[in-house]
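Written below as structure tokens is the structure these notes are about.
The values are calculated or read from the model by the stated rules, or taken from the named source; none is laboratory data. All of these numbers come straight from a predicted model, not from anything done at the bench. Positions of Cβ are generated from backbone atoms using ideal geometry, with glycine treated the same way; all protein chains shown enter the neighbour counts.
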């Protein structure tokens, strides 16, 4: 079931996603820490995308 997403919602999602990924740089993570962080972000956000887009 696809849902409509407003321009503001896209903006908020994109900003949040970039911020979450940039934390790798901000905290000077090692490659291993960065991989764990990115996996955490994926696990956190995927259920929402799945609900919105039925991925």
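Quick notes
- Residues of region 16-55 satisfying the condition of being touching a helix residue (DSSP H, G or I) at 6+ places or on another chain (Cβ under 9 Å), outside any helix (DSSP H, G or I) and under 28 Å from residue 3 (Cα atoms): 55
- Verdict on residue 13 being in a loop (DSSP other than H, G, I, E, B) and either over 13 Å from the mean Cα position of the chain (by Cα) or at pLDDT below 95 (or both): no
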